[in-house]
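The next block holds one structure in the form of structure tokens; read it before the comments.
The numbers here are math on the coordinates, done by the rules we state, and not lab data. All figures in this text were calculated on a predicted structure; none of them were measured in a lab. Cβ atoms come from the backbone with ideal geometry, glycine included; neighbour counts cover every protein chain shown.
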Amino acid sequence: MSLRATLRRAQLHYAGGMAVHTASSGAVQALDALYLLLDDGVHRGVGEVRLNIAYLTGLAPQEVLDAARRFVSQSDWPEASADLRAFVVGLPLSVPAPVRMLVDLAVHDLLARREGVLLAHMLGGTGVVRYPTNQTLFFSGMPTFQRRCIAYVARGFTQLKIRIGADLDADLERLRWLRDHFGTEITLSADANGQWDEPAALTALDRLAAFRLDYVEQPVAAGDWAMLERVAARSPVPLMLDESLADMAACRRLAEMTRPPMAHLKLVKLGGLAALLSAARMLQAAGVTLMIGQMNEGAIATAAALHAACVLTPRFAELYGADGLADDPASGLVYQDGAVGLAGMERSGFGLAFDATLTQPQLFMETC
């Protein structure tokens with residue numbers, strides 16, 4: 001038996017012309033998704049990573065694609081399941097985190113399919129693979145913003161997070177409308193994507209306190225932990241870190257804080273499920289409140305985060321990213337009643353079907 005490794009790529013678009021638009025990303029019209037298919041002749045595992053997230057990783061799409069091609073073509077892929085498990089746990093940190101995520105997800109999907117179980121159950125979770133999620137409101141005109149909020153709440157999504165950080169007065173206007181329109185029917189949070197310096201953050205947090213937010217995410221840029229601790233000590237709103245938690249060392253730094261903010265963990269930052277589960281369990285042991293989340297990503301990457309959430313049962317989950325995609329080659333995620341779950345089409349691995357004909361080949365390798 002040999003493993004066939006194939007890289008494929010697709011541009012994913014949201015229905016209705018919605019674009020990802022945050023203070024750090026700017027407007028993003030499509031998700032540039034790279035897939036790794038691992039086929040042993042009986043079972044196929046699929047991994048996914050989004051390429052156009054340089055605003056988070058610092059890596060241009062071509063850099064990630066080139067690194068993935070090198071890794072896939074140069075690796076000595078083991079075939080036995082036990083060896084594949086060791087392979088993903090031992091992925092070297094010299095491999096960029098997005099590539100580690102891509103490989104890790106494909107291997108985990110393949111392993112669970114070989115066992116004939118859903119991934120969450122292989123990892124120790126029990127019950128239905130379904131988890132409540134928030135929905136995020138990107139920068140847009142007020143009529144579009146209001147229309148999307150009303151539509152989300154009508155579908156049962158009452159955890160709403162808005163992107164802020166470009167214009168505080170406009171941010172406050174949107175939050176004021178949400179509270180006036182929905183009252184306590186919804187819970188609110190906000191994400192500044194590290195756009196404020198220390199004085200601006202403290203001023204903004206004082207003004208945001210009136211809206212009873214669950215948290216404000218990443219009020220200041222990553223890197224200056226002393227500044228972050230000062231802001232956290234004075235903030236009247238609970239804080240959550242995202243961009244600050246770029247690797248395991250940063251997660252350990254957070255766990256050492258006397259009064260740590262909450263932690264938003266993502267597969268693409270830590271390099272896959274094996275690393276995310278390790279970081280999450282270490283933070284949970286230190287008493288840190290978790291969110292398991294994602295970038296705006298396709299169904300494969302979203303499903304991986306969903307399975308992780310079902311195993312870790314964090315207080316918060318941000319799994320909205322595949323909701324509304326019109327041309328995703330993966331299918332089987334269902335968004336309804338404030339949660340995301342599986343349609344039941346597939347009963348092993350991530351629980352999704354994948355149509356490779358909707359993607360473009362980037363590399364094919366067969367290992368013997």
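Spin-label model, LEU93/ALA356: points 7 Å from Cα along the beta carbon direction are separated by 3.5 nm.
Which of the peptides 351-357, 11-17 is most tightly packed, and how do the rest follow, going by the mean number of other Cβ atoms within 10 Å of each residue?
On the way: 351-357: 16.7, 11-17: 14.7.
Output ranking for 351-357, 11-17: 351-357, 11-17.
When peptides 334-347, 105-118 are sorted by average Cβ neighbour count within 10 Å, with the highest value leading, the order is 105-118, 334-347.
If you look at the Cα atoms of segment 254-329, you get an Rg and a Dmax of 12.9, 46 Å. With the simple model of a label 7 Å out from the Cα in the direction of the Cβ, PHE182 to GLN284 spans 2.7 nm.
With R₀ fixed at 51 Å, the C-beta to C-beta distance from ARG253 to ARG147 puts the FRET efficiency at about 0.80. Were the residues from TYR55 through GLU346 laid out at 0.36 nm apart, the gain over their Cα-Cα distance would be 101.3 nm.
Grab the beta carbon distance between ASP83 and ALA154, set R0 = 30 Å, and tell me the FRET efficiency rounded to 0.05.
Working: r = 49 Å, r/R0 = 1.64.
Using R0 = 30 Å, I get an efficiency of 0.05.
Available extension along the chain between HIS21 and ARG69 is 14.4 nm, counting 0.36 nm per residue and deducting the alpha carbon span.
Set against the labelled values (i) 54, 48, 40; (ii) 62, 42, 39; (iii) 63, 60, 43, Cα extents along the principal axes in Å computed from this structure falls on (ii). Simple point charges give the picture: +1 on the Cβ of Lys and Arg, -1 on the Cβ of Asp and Glu, and for segment 69-174 a dipole about the Cα centre of about 300 debye. Only one residue of LEU178, GLN336, ALA190 has its Cα farthest out toward the positive end of the dipole of segment 130-342, where Lys and Arg carry +1 and Asp and Glu -1 on Cβ, and that residue is GLN336. Across segment 153-160, coupling constants 3J(HN,Hα) worked out from phi with the 6.51/-1.76/1.60 Karplus curve, θ = phi - 60°, read 5, 4, 8, x, 8, 9, 9, 10 Hz, and Gly and Pro carry x.
Each Lys and Arg Cβ is given +1 and each Asp and Glu Cβ -1; about its Cα centre, segment 16-95 then shows a dipole of about 220 debye.
Starting from the Kirkwood radius over alpha-carbon pairs of segment 130-342, derive D by Stokes-Einstein at 37 °C in a medium of 0.692 mPa s and give it in µm² s⁻¹.
D, rounded to a whole number, is 187 µm²/s.
What value, in deg cm²/dmol to 500, does the helix sum -39500 (n - 2.57) over DSSP H runs of n ≥ 4 give at 222 nm once divided by the residues of the chain? So the helix-based figure for the chain works out to -11000 deg cm²/dmol.
Going by how many other beta carbons lie within 10 Å of each one, how would you line up ILE164, ILE150, ILE53, fewest first? Can you show the working numbers first?
Numbers: ILE164 27, ILE150 12, ILE53 24.
Going from least to most buried by this count: ILE150, ILE53, ILE164.
Among residues other than LEU342 whose Cβ falls under 15 Å from its Cβ, what is the net charge (Lys/Arg +1, Asp/Glu -1)?
Numbers: positive: ARG113, ARG130, ARG347; negative: ASP109, ASP323, ASP328, ASP337, GLU346.
Its environment carries a net charge of -2.
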